[in-house]
Amino acid sequence: MTRMRAIVFGDDRKIRLEEVPIPEVGAGDVLLRPHFCGVCGTDLHAPSMSAPFRSGVVMGHEFSGEVVATGAQVEGWEPGTRVVVNPNGNLCGACGACRDARFNLCRSAVFENGIGIRHDGGMAEFVTVDPKVLYPLPDSVSSEQGAFVEPLATAIRAVRRSRFRLGSSAAVIGTGPVGLLVVQALRRAGAATITAIELSAFRRQAALDLGADLALDPRTEPPTELFGTELEPPEFVFECSGAQGTLELAVDIVRYGGRVALTGLPSRPVQVTATTVIGKEVDVVGSIIYVEEFPLAIDLLAQGAFEIESLISMILPITRFDEGFDALANPVSTLKVLLHPTQGH
């Protein structure tokens, strides 16, 4: 077999299933067989994003797999070893961010060499990676859970970047997979109250099941009216959706002197009233991917610290990827879709 099936971001900015050559294993490469690959919101909105997807790239950056073969210069990785890939681990090692150990800000790793975005990723039957991006999966972490290491690390990073304090109140805007992992992280961090703000009734219920105290539909229960009257304004607000209007909402509802943490990536520019930020002396912090949170996420999964199984709505072979993308585009009852690249032979 010299060719394989893969989900490719085409020259015409369309996503399709194609047959492509199986990658050759270079001297410094590790050949993986992906087990499960999560479909991220970034994947879903790739056609409408001006950047950063490379034309012709095999998509998929949230994936687990197993080692199939290694190049002549690779040591320490045996065939059959289950692994998870840090898709932003191709660090240059020389820029200011790398010198300061702020590896999530290395432009080479994130914007020029991101796996599944600039370099071929896990929505394929095989993929080659640099061994420095690999982490072994403990026996207590399933391959399905391994596909959640990346979004879990992102959620943990957001909570840590916010400098959340034990006993504080929080609101989470957008309870897709990352938002629900933020809810769980906040509960474990000792939040006094957690309010979820979400359009989908299914996702609101998921937030309640996973630790939120209250879930609001902003169309019928306007947060800007409730907080400050019936509800105490939250000290911390986590914007996890990237939707239009949510940054403004976060700044409006946060307590005076509170903090807003942004991790949802908008597909187009968003606006906020600067006088509100200034007048309330609100801290707005961005949170991009992770640093030490990636191995920390693996450790926490190994300890059973996070509920993952209920987040998995569908597991599909890559031949049916379009069903998963469609379900996520209209998330009436969908949280996370995993693709199984080798299923369907």
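The values are calculated or read from the model by the stated rules, or taken from the named source; none is laboratory data. Remember, predicted model here, so these are calculated numbers, not experimental data. As a convention, Cβ positions derive from the backbone with ideal geometry for all residues, glycine included, and neighbour counts pool all protein chains shown. In case anyone asks, the SASA skips ligands and DNA or RNA and just uses the protein heavy atoms, side chains included. Shrake-Rupley method; radii C 1.70, N 1.55, O 1.52, S 1.80 Å.
Can you tell which of Thr334, Thr342 is among the hydroxyl-bearing types (Ser, Thr, Tyr) and under 18 Å from the mean Cα position of the chain (by Cα)? After applying the criteria, what remains is Thr334. Please verify whether Gln184 is part of a helix (DSSP H, G or I), open to solvent by 50 Å² or more (accessible area, probe 1.4 Å) and either modelled with pLDDT of 95 or more or more than 19 Å from Leu152 (Cβ to Cβ) (or both), treating the condition exactly as stated. The answer is no for Gln184. If the Cβ limit is 6 Å and pairs must be 6+ apart or interchain, which residue in the range 82-110 that is in contact (Cβ under 8 Å) with a residue 60 or more places away in the chain and over 23 Å from Leu32 (Cβ atoms) pairs with which residue that is open to solvent by 10 Å² or more (accessible area, probe 1.4 Å) and part of a helix (DSSP H, G or I)? Taking only residues 6 or more apart or on different chains, the pairs are Leu105/Ala97. Condition check for Val84 on (1) open to solvent by less than 10 Å² (accessible area, probe 1.4 Å); (2) of a type in the set (Val, Ile, Thr); (3) in contact with a Phe, Trp or Tyr (Cβ under 6 Å, 6 or more places away or on another chain); (4) more than 17 Å from Ile298 (Cβ to Cβ): one failure, at (4).
Residue-level check: of (1) within 28 Å of Glu239 (Cα to Cα); (2) open to solvent by 40 Å² or more (accessible area, probe 1.4 Å); (3) aromatic (Phe, Trp, Tyr), Tyr135 misses just (1). All of (1) among the polar types (S, T, N, Q); (2) buried (at least 24 other Cβ atoms within 10 Å of the Cβ); (3) farther than 25 Å from Pro223 by Cα hold for Ser162 with one exception: (3). The criterion of at least 1 residues that are open to solvent by 20 Å² or more (accessible area, probe 1.4 Å) and under 25 Å from His340 (Cβ atoms) is met, among strands (runs of 3 or more DSSP E) falling completely within the range 236-328, by 312-317. Kindly indicate whether any position in the range 111-123 is open to solvent by 40 Å² or more (accessible area, probe 1.4 Å) and among the small types (Gly, Ala, Ser). Checked the range 111-123: no residue is open to solvent by 40 Å² or more (accessible area, probe 1.4 Å) and among the small types (Gly, Ala, Ser).
Of all residue pairs spaced 6 or more apart or on separate chains, those with beta-carbon atoms under 8 Å, a first member in the range 112-136 that is in contact (Cβ under 8 Å) with a residue 40 or more places away in the chain and a second member that is among the hydroxyl-bearing types (Ser, Thr, Tyr) and part of a strand (DSSP E or B) are Asp120/Thr128; Pro131/Thr70.
Of all residues in the range 7-25, those being open to solvent by 30 Å² or more (accessible area, probe 1.4 Å) and part of a loop (DSSP other than H, G, I, E, B) number 8.
Counting the residues of the range 26-52 that are open to solvent by 20 Å² or more (accessible area, probe 1.4 Å) and modelled with pLDDT under 95 gives 11.
For the range 190-235, filtering for residues that are open to solvent by 40 Å² or more (accessible area, probe 1.4 Å), of a type in the set (Gly, Ala, Ser) and assigned to a loop (DSSP other than H, G, I, E, B) leaves 2. Against the definition (of a type in the set (Phe, Trp, Tyr) and within 15 Å of Phe236 (Cα to Cα)), how does Phe202 come out, yes or no? No, not satisfied. Candidates in the range 147-159 are the residues that are open to solvent by less than 10 Å² (accessible area, probe 1.4 Å) and not aromatic (Phe, Trp, Tyr); of these, the one that is nearest to the chain's Cα centre (by Cα) is Pro151.
For the range 143-163, a residue qualifies if it is touching a Lys or Arg at 6+ places or on another chain (Cβ under 8 Å), within 18 Å of Val183 (Cβ to Cβ) and small (Gly, Ala, Ser), and exactly one does: Ser162.
Residue count for the range 165-179, restricted to those that are of a type in the set (A, V, I, L, M), in contact with a helix residue (DSSP H, G or I) (Cβ under 6 Å, 6 or more places away or on another chain) and open to solvent by less than 10 Å² (accessible area, probe 1.4 Å): 3.
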